[in-house]
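A.B. asks: Can you keep this structure in mind? I'll have questions shortly.
The values are calculated or read from the model by the stated rules, or taken from the named source; none is laboratory data. What you are looking at is a predicted structure, and each value in this text was computed from that prediction instead of being measured. We place every Cβ from the backbone using ideal geometry, glycine too, and count neighbours over all the protein chains shown.
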Amino acid sequence: MFVLNPAGILPGMLFEQILYMLAPHECMACAAEGNLLCVACRNDLIPIESSCYSCHCATSSFAVCSVCRRASSLESVRVLGWYQGLLKDLINRVKFERAQAGADVLADLLLKSFSGETHNFQIVPIPTTPRRQRQRGYDQAKLIAKRYAKKAQLPYRDILQRSGTRRQLGASRQERLRQLQGVFSVRGRKNDLMTPVLLVDDVVTTGATIEEAAHTLRARGFHRVSALLVAQTKPLDFLQ
Ligand SMILES: [Zn+2]
Ligand SMILES: [Zn+2]
């Protein structure tokens with residue numbers, strides 16, 4: 001039966017549709033039927049307080065603070081919540097199963113918290129590594145970014161390309177920054193440099209990936225770059 005080895009036989013999205021027909025979604029937290037995360041449980045998620053994503057001092061509208069700004073290409077980094085509990089489960093479902101439904105829920109959650117503050121931006125997804133994208137058959141950050149752009153009625157511009165790197169788990173932020181140098185490039189010659197960019201990704205760990213992406217865009221003449229992320233791993237990662 002195909003369920004034994006779904007990824008090898010059916011493309012991910014088709015498999016997801018069949019799976020949904022066999023077993024409609026139920027809320028991962030309370031098992032209510034109809035959605036991966038029901039409305040009541042969505043309201044239970046505790047958002048991160050507005051702060052600098054790098055040092056976690058309190059700032060307004062998730063601005064990168066003036067100290068961290070000296071070493072950052074980003075103006076603000078909005079993060080929905082910590083990478084734990086329900087949010088972690090939801091992100092992993094987006095990655096490994098039921099990608100479309102999960103991306104839709106995550107985009108809704110982002111929209112609920114941040115739509116009022118992101119109306120001037122163009123949405124640019126941070127591409128997943130080519131290797132991981134081949135393994136999964138889709139790019140989860142793009143799924144989330146595309147849905148967010150559509151729901152918020154913002155231009156979606158898939159202009160960043162990413163080449164492969166050797167990924168070292170547990171590398172410090174400085175090592176990660178070195179590993180990532182030059183992995184992004186910008187597609188297209190007539191890009192809109194003046195509209196502020198909102199980079200979208202799922203999880204931020206050391207911040208090296210969003211910094212390198214922002215640095216690449218700034219070097220190409222984009223005036224203002226910020227980021228929007230679903231979750232952040234523990235602040236400890238920044239103290240290395
Ligand atoms: Zn629920
Ligand atoms: Zn800071």
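A.B. asks: Starting from region 26-38, take each residue that is on the phi > 0 side of the Ramachandran plot and assigned to a loop (DSSP other than H, G, I, E, B) and list its partners that are within 8 Å of ligand 1 (Cβ to nearest atom) and modelled with pLDDT of 80 or more, counting only C-beta distances under 8 angstrom and pairs at least six apart or across chains.
C.D. replies: Gly34/Cys27
A.B. asks: Follow-up question, since we're still on this one. Can you pull out the helices (runs of 4 or more DSSP H) entirely within region 75-140 that have at least 1 residues that are basic (Lys, Arg) and closer than 23 Å to Gln179 by Cα?
C.D. replies: Output list reads 130-136.
A.B. asks: Do you know which residues across region 141-167 are assigned to a loop (DSSP other than H, G, I, E, B) and of a type in the set (Phe, Trp, Tyr)?
C.D. replies: If the condition is that a residue be assigned to a loop (DSSP other than H, G, I, E, B) and of a type in the set (Phe, Trp, Tyr), then no residue fits.
A.B. asks: Any idea which residue in region 18-58 is modelled with the lowest pLDDT, counting only those that are among the polar types (S, T, N, Q) and either closer than 19 Å to Gly207 by Cα or surrounded by 14 or more Cβ atoms within 10 Å (Cβ to Cβ) (or both)?
C.D. replies: Within region 18-58, the match that is modelled with the lowest pLDDT is Asn35.
A.B. asks: Just to be sure, is Ala71 surrounded by 19 or more Cβ atoms within 10 Å (Cβ to Cβ) and either hydroxyl-bearing (Ser, Thr, Tyr) or modelled with pLDDT of 90 or more (or both)?
C.D. replies: Spelling it out, it is not the case that Ala71 is surrounded by 19 or more Cβ atoms within 10 Å (Cβ to Cβ) and either hydroxyl-bearing (Ser, Thr, Tyr) or modelled with pLDDT of 90 or more (or both).
A.B. asks: Tally up the residues in region 212-229 that are surrounded by 18 or more Cβ atoms within 10 Å (Cβ to Cβ), assigned to a helix (DSSP H, G or I) and not polar (S, T, N, Q), please.
C.D. replies: 5
A.B. asks: Count, please, the residues in region 56-72 that happen to be over 20 Å from the mean Cα position of the chain (by Cα) and within 11 Å of ligand 2 (Cβ to nearest atom).
C.D. replies: 10
A.B. asks: Restricting attention to region 168-190, does a residue exist that is within 19 Å of the chain's Cα centre (by Cα), modelled with pLDDT of 95 or more and not in a strand (DSSP E or B)?
C.D. replies: No, every residue in region 168-190 fails to be within 19 Å of the chain's Cα centre (by Cα), modelled with pLDDT of 95 or more and not in a strand (DSSP E or B).
A.B. asks: Moving on to the next point. Kindly establish whether Thr206 is modelled with pLDDT under 95, of a type outside the set (Asp, Glu) and not in a helix (DSSP H, G or I).
C.D. replies: It is true that Thr206 is modelled with pLDDT under 95, of a type outside the set (Asp, Glu) and not in a helix (DSSP H, G or I).
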